[in-house]
Amino acid sequence: SQTIHQWPATLVQPVGSPLSLECTVEGTSNPNLYWYRQAAGRGLQLLFYSVGIGQISSEVPQNLSASRPQDRQFILSSKKLLLSDSGFYLCAWRADPGTGVHEQYFGPGTRLTVT
Amino acid sequence: ELKVEQNPLFLSMQEGKNYTIYCNYSTTSDRLYWYRQDPGKSLESLFVLLSNGAVKQEGRLMASLDTKARLSTLHITAAVHDLSATYFCAVGRPAGGTSYGKLTFGQGTILTVHP
């Protein structure tokens, strides 16, 4: 079966510090991977998606970047955090489109507070 | 630009009652997702609806899709306290091409079920 991991689970960082959040998926190959942010309140916003190693697309201009160094690893980074980067960061995966499986599954999330 | 609107945004129900959450979206899509989120937790996949007229049921929840009206409903039957959570609909476009399975989320409906 497939599982998705994220770490750390919680993080408190000062403004101006760097950030690295990691997401890994097990039990599948060539997944589509996604980073979402959920700000206080409720809405989820898609930040980045990736359809393969080294292939990253950004949905919104921002202070963050993403990388996919391995097939099942997705990293969210920042060189200098802003207060507005606070939120709940969720990684999600979707099976290779060729499988015909349509579900998109979310990881446990990382709660980031920038102080 | 795809927009997804849910209503109501807040729903307070008595146990045993029935109610429906509505999800309207603005452009053509053939994929509609429903998720549940408990406070402080990640999103749990409930249903994926893939075609016009699709209906899926799990326990006290039933979801349907009308692609012509661009409307999905999540019907709750005989609500129980354990159903209290935030419910999101999300609209996707087919993976492949330029869509890559990206999801656009509604604002979420906060459901509270009272004894």
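Points to keep in mind about this one:
- The residues on offer are A:S29, A:S84, and the sole one that is among the small types (G, A, S), modelled with pLDDT under 95 and not in a loop (DSSP other than H, G, I, E, B) is A:S84.
- Considering only residues in the range A:43-66 that are within 14 Å of chain B (Cβ to nearest Cβ) and polar (S, T, N, Q), the one that is farthest from the chain's Cα centre (by Cα) turns out to be A:Q55.
- Filter result (surrounded by fewer than 21 Cβ atoms within 10 Å (Cβ to Cβ) and assigned to a strand (DSSP E or B)) within the range B:11-24: B:L11, B:S12, B:M13, B:Q14, B:Y19, B:T20, B:Y22, B:N24
- The range A:27-42 - residue that is more than 9 Å from every other protein chain (Cβ to nearest Cβ) and polar (S, T, N, Q) and, of those, surrounded by the most Cβ atoms within 10 Å (Cβ to Cβ): A:T28
- No other residue among B:Q57, B:Q6 is part of a strand (DSSP E or B) and within 21 Å of B:G101 (Cα to Cα) apart from B:Q6.
- Single residue of B:S64, B:S51, B:S42, B:S12 found to be touching a residue at least 40 places away in the same chain (Cβ under 8 Å) and of a type in the set (G, A, S): B:S12
- Looking across B:S51, B:S45, B:S72, B:S64, one residue alone is under 30 Å from A:T10 (Cβ atoms) and either under 12 Å from the mean Cα position of the chain (by Cα) or part of a loop (DSSP other than H, G, I, E, B) (or both). It is B:S45.
- Selection over the range A:100-115 of residues that are facing chain B (nearest Cβ under 7 Å), at pLDDT below 95 and surrounded by fewer than 18 Cβ atoms within 10 Å (Cβ to Cβ) gives a count of 1.
- Residue among B:G106, B:G101 that is in contact with a Lys or Arg (Cβ under 6 Å, 6 or more places away or on another chain), surrounded by 19 or more Cβ atoms within 10 Å (Cβ to Cβ), under 30 Å from A:S57 (Cβ atoms) and within 12 Å of chain A (Cβ to nearest Cβ): B:G101
The values are calculated or read from the model by the stated rules, or taken from the named source; none is laboratory data. Because the structure is a prediction, the values reported are computed rather than measured. Backbone-built Cβ (ideal geometry, glycine too); neighbour counts: all protein chains shown.
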